[in-house]
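Chemist: Please see the structure below; I have some questions.
The values are calculated or read from the model by the stated rules, or taken from the named source; none is laboratory data. Fair warning: this is a prediction, and the values are worked out from it, not measured in the lab. As a convention, Cβ positions derive from the backbone with ideal geometry for all residues, glycine included, and neighbour counts pool all protein chains shown.
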């Protein structure tokens, strides 16, 4: 029983240490996720505009929100 209790205590301390270490990686991984998401959008847009059957033309905004493609 004594050995089992010691094992349980050690197991709890190891689990606590693992959780503390993992918590240190949360913020950097969230920042990395944001950067990857932005890169994904930009590369997808570049791929679509490069492979389009007609060249991409940047739209111009006119009065009252109308769009002109010239």
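Chemist: Please state which of the following conditions residue 54 fails to meet, knowing it meets all the rest: (1) more than 32 Å from the chain's Cα centre (by Cα); (2) in a loop (DSSP other than H, G, I, E, B).
Modeler: It is condition (1) that residue 54 fails.
Chemist: Can you run down the residue pairs with Cβ atoms below 9 Å, 6 or more apart or on separate chains, where the first is in the range 1-23 and on the phi > 0 side of the Ramachandran plot and loosely packed, with under 10 Cβ neighbours inside 10 Å and the partner is at pLDDT 95 or above and part of a helix (DSSP H, G or I)?
Modeler: From residues that are on the phi > 0 side of the Ramachandran plot and loosely packed, with under 10 Cβ neighbours inside 10 Å, there are no pairs.
Chemist: Which number in (1) at pLDDT 95 or above; (2) exposed (fewer than 10 other Cβ atoms within 10 Å of the Cβ) marks the one condition that residue 64 misses?
Modeler: Unmet condition: (1).
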